[in-house]
1. Would you pick out the residues in the range 1-35 that are aromatic (Phe, Trp, Tyr) and in contact with an Asp or Glu (Cβ under 8 Å, 6 or more places away or on another chain)?
2. Would you confirm, using the coordinates I've provided, whether ASN110 is modelled with pLDDT under 95, of a type outside the set (Ser, Thr, Tyr) and in a loop (DSSP other than H, G, I, E, B)?
3. Specify the residue that is surrounded by the fewest Cβ atoms within 10 Å (Cβ to Cβ); the eligible residues are those in the range 6-52 that are of a type in the set (Lys, Arg) and under 15 Å from ASN103 (Cβ atoms).
4. Could you list, in sequence order, the residues of the range 15-38 that are part of a loop (DSSP other than H, G, I, E, B) and touching a Ser or Thr at 6+ places or on another chain (Cβ under 7 Å)?
5. With in a loop (DSSP other than H, G, I, E, B) and either hydrophobic (A, V, I, L, M, F, W, C) or exposed (fewer than 12 other Cβ atoms within 10 Å of the Cβ) (or both) as the only criterion, which of VAL55, VAL59, VAL80, VAL118 stands out?
6. May I ask you to list the residues in the range 58-79 that are touching a residue at least 60 places away in the same chain (Cβ under 8 Å) and over 12 Å from the mean Cα position of the chain (by Cα)?
Amino acid sequence: MSKNKRYKVRIYIFDSTTGNIINLLIRIKAIRLENSMDGVNGCLAIYDGVVTTPVLLEVMKLTKVFPLDNYGDFIITCPVCGERIDDDMILNVYDDNLLSGYNINCHRLNCGTQMADVEFLPEQ
């Protein structure tokens, strides 16, 4: 596994404890913050940042993460139908859906707006 590979990811904060840990990782420069947004409807905040593989693995233990690049290193599926999502299903508009923590709109079985299940496939 390449520890130096970098990933741009969206990190979702749903509670203050997780927020404090992520903010610490930003302060110590383990996460290079590129954008932050206040969340709505139970999502406290959303951070877009760049992380290395080891940091990504640790952050994924704490909270939900969605890749913004290197999609081939992830399996992204709909939590309702279980199918892999297509690129056109990814939410890109900063509206209440995205700020609520949703990141896909699955049209396969009319599943609708969801928070995708994301599995990281680290290099062997």
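1. Within the range 1-35, TYR7 is the sole residue that qualifies.
2. Answer is yes for this residue.
3. It comes out as LYS8.
4. Result: no residue meets the conditions.
5. VAL80
6. The answer is ASN70, ASP73.
The values are calculated or read from the model by the stated rules, or taken from the named source; none is laboratory data. Worth saying up front: this structure is predicted, and the values here are computed from it rather than measured. With ideal geometry, Cβ positions are generated from the backbone for all residues, glycine too; neighbour counts draw on all protein chains shown.
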